[in-house]
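Let me begin by presenting the structure, written as structure tokens, before commenting on it.
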Amino acid sequence: MNNHEIMEIISETVSSVLEKTAYMFPESVDITSEMTFDEFEYVLVNLNFTGFKSGEIKMVFPVEFCAELSANLLGEDIENVNPAENDFDSAKELLNIVSGQLLVNLFGDQAIFSLINLDVRKIEREAFYNVIAGCEFFCCMIDRFPIITVFTLQETVDEHKSINS
């Protein structure tokens, strides 16, 4: 599977999960267009996976987005969600759902994985740019909020064994 195919699967998976579980309808965007990411404070949520393959899945989105996400996941009105009390459970839940579905979509339902080291934290603007620097990622918009997904695979020793080994 090449990078273009992987990015297509990421795009389809993230969009599908947002639509079906959070009732949000993302629009793909070209990050090289005249977008700016400077107006928000961001949260980074990441999860490692091991098993059939190993790697990491990260999502980055504005802190403000978490309140809307939480309301939609819980089926509540946004007015009933206090953004100041946000412990980012909605961010963790979104990444957990996306990760499970993405791994199945990429590797099939027979591949076995362990999802480990779920972490969420606020990040500064510089850290935001470091997360996306030098890697491929999927970016979409939900209303005015950018949602970025990064998927990385770790190469294993077995993938590099020579024929003579």
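The values are calculated or read from the model by the stated rules, or taken from the named source; none is laboratory data. These figures come from a predicted structure and were not determined experimentally. Glycine also receives a Cβ, built like all others from the backbone with ideal geometry; neighbour counts cover every protein chain displayed.
Applying the set (1) among the aliphatic types (A, V, I, L, M); (2) modelled with pLDDT of 95 or more; (3) more than 17 Å from Ile132 (Cβ to Cβ) to Ile57 leaves exactly one unmet item: (3). Residues that are under 19 Å from Glu12 (Cα atoms) and in contact with a strand residue (DSSP E or B) (Cβ under 6 Å, 6 or more places away or on another chain) number at least 1 in the following helices (runs of 4 or more DSSP H) confined to segment 43-136: 89-107. Screening Val131 on (1) over 18 Å from Asp30 (Cβ atoms); (2) at pLDDT 95 or above shows it passes everything except condition (2).
Suppose the filter is surrounded by 19 or more Cβ atoms within 10 Å (Cβ to Cβ) and over 12 Å from the mean Cα position of the chain (by Cα); does Phe151 pass it?
Working: surrounded by 19 or more Cβ atoms within 10 Å (Cβ to Cβ): yes; over 12 Å from the mean Cα position of the chain (by Cα): no.
Judged against the criteria, Phe151 is not a match.
Determine whether segment 67-85 contains at least one residue that is among the charged types (D, E, K, R) and at pLDDT 95 or above.
Start the filter on segment 67-85 by keeping residues that are among the charged types (D, E, K, R), which leaves 68, 76-77, 79, 85.
Filter once more, keeping what is at pLDDT 95 or above: none.
No: zero hits.
Out of Val98, Val104, one residue alone is within 24 Å of Ser70 (Cβ to Cβ) and at pLDDT 95 or above. It is Val98.
Evaluated against (1) more than 25 Å from Asp30 (Cβ to Cβ); (2) among the charged types (D, E, K, R); (3) touching a helix residue (DSSP H, G or I) at 6+ places or on another chain (Cβ under 8 Å), Glu64 falls short on exactly one condition, (1). Annotation: of all residues in segment 99-118 being of a type outside the set (A, V, I, L, M) and surrounded by fewer than 14 Cβ atoms within 10 Å (Cβ to Cβ), the one that is farthest from the chain's Cα centre (by Cα) is Gln110.
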